[in-house]
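Here's the structure we're looking at; comments come further down.
Just so it is clear, none of the values below were taken in a lab; they were calculated from the coordinates. Every value quoted in this text rests on a predicted model; they were computed, and no experiment measured them. Here the Cβ positions follow ideal geometry from the backbone for every residue, glycine too, while neighbour counts run over all protein chains shown.
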């Protein structure tokens, strides 16, 4: 369907992060024809669009009469389960990205938003180009792998994320909008200790270990340079406004009203990075991260997925959208 400003929004659900954890469908104005898949195996469903086909079998399911998720956290886990417990075979030969996502949504039964805005004349205004032709052949992979492959084909500025119980696919700048960010508090006390070097005791040498704040500063540096580093870059208007990072003498503290976007030296003051799309700071033995999901999942991962409910055979759809059909 067409969203605000002419945006096409396609709606319809184990990846570990740096600190643990584990790693949604599309609705169209004119839904494609849906038929029962009488040739499918008892635990399989398939969707086909133009020259693209997506077939899925489930490695784990719940009974069809299992209770529906009653809270947001459980709905989120069920959407993750549709990615984690799926074994997909996909063949797309010069098929528009939009149609590949449509077929993927139909096969998995996920909730999905695709960010694309076009003018009344059909010209791309912003977002990803849904008309971009995709060529992709994968066999026996999970949903995460397919989404990652589509992101790689869509370009370096593309990504996907799970926002609530909806998988979003689009430009990182769209996925990083303020309302899609959330805050995670990570207990890092166990990581803030450096074991002493006992080998030096016999020589009467003291071992100058890093203290906890220095270890967390190094950890923040690691996160911001390896987990979606673009998200932690300074916004253009603040790129020249960083706190000093050289040697400091005495308990210098940064001004709490400073506009500086980064300080990685605990001798200067609290360690933090306030980037264009994400921020991270240390508080005692904790790290506080505010970011969109495509950044957070690389740091904290996802909760354990919940196997999807298995539909009766008569309700397992196989979709055959019209060739060239548009949302």
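For residue 133 and residue 65, what does the FRET efficiency come to when R0 = 51 Å and r is the distance between their Cβ atoms, rounded to the nearest 0.05? Write down the numbers at each step before the final one.
On the way: r = 42 Å, r/R0 = 0.83.
Working from the Cβ atoms, E equals 0.75.
Using a Förster distance of 25 angstrom, determine the FRET efficiency expected from the C-beta separation of residue 91 and residue 119, and round it to 0.05. Calculated transfer efficiency: 0.15.
Provide the gained length on full extension for the span residue 183 to residue 288, in nm with one decimal, where the gain is 0.36 nm per separating residue minus the Cα-Cα distance. The partial results should precede the final answer.
On the way: separation 105, 0.36 × 105 = 37.80 nm, distance 0.70 nm.
Length difference between fully extended and current span is 37.1 nm.
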